[in-house]
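Comments concern the structure below.
Every number here is computed from the coordinates shown, using simple stated rules; none is lab data. Keep in mind that this is a model prediction, so the values were computed, not measured. Quick reminder, even Gly has a Cβ in these numbers, built from the backbone with ideal geometry, and neighbours come from all protein chains shown.
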Amino acid sequence: MIPKHQEDTRLTQYLNKLLDEMPLSEPSPMLTERVMRRVQSAEIPENPINHQVGKRKQWVNSFVAIAATVLLMQSGIINKIMNIDTGIAQITTYIQHLSRIL
């Protein structure tokens, strides 16, 4: 083993031993109550919503979704039609190969 690796291994073992021997600190008894009170009292700030911008954003999102749907449908259908010839050729070759064997 390389001396550097041995030194690293010994240091890691030493640190692990120190961590194992370290006493655990207990949280204060009121910690849970304080955290829960702070969480419950935290108010979420309300952002003023501009309804005009919201409607416009909905329209843009709708058009993007429609365009993506049309594009996926077209590419999927075209892809299937283009692969029909390849599939038929593969099946024909497989049948011919089987007929030669039999």
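Site pair Asn16 and Lys55 shows an inter-label distance of 6.6 nm when each label is modelled 7 Å from Cα along Cα→Cβ. Dividing the summed helix terms, -39500 (n - 2.57) for each DSSP H run of n ≥ 4, by the number of residues in the chain produces a 222 nm estimate of -28500 deg cm²/dmol to the nearest 500. The 3J(HN,Hα) values that the Karplus relation (6.51, -1.76, 1.60; θ = phi - 60°) gives for the range 12-18 are, in residue order, 4, 5, 4, 5, 4, 5, 4 Hz. Gly and Pro appear as x.
Over the residues of the chain, compute the C-alpha Rg and express it relative to 2.2 N^0.38 Å. Cα Rg divided by the expected 2.2 N^0.38 Å: 2.69.
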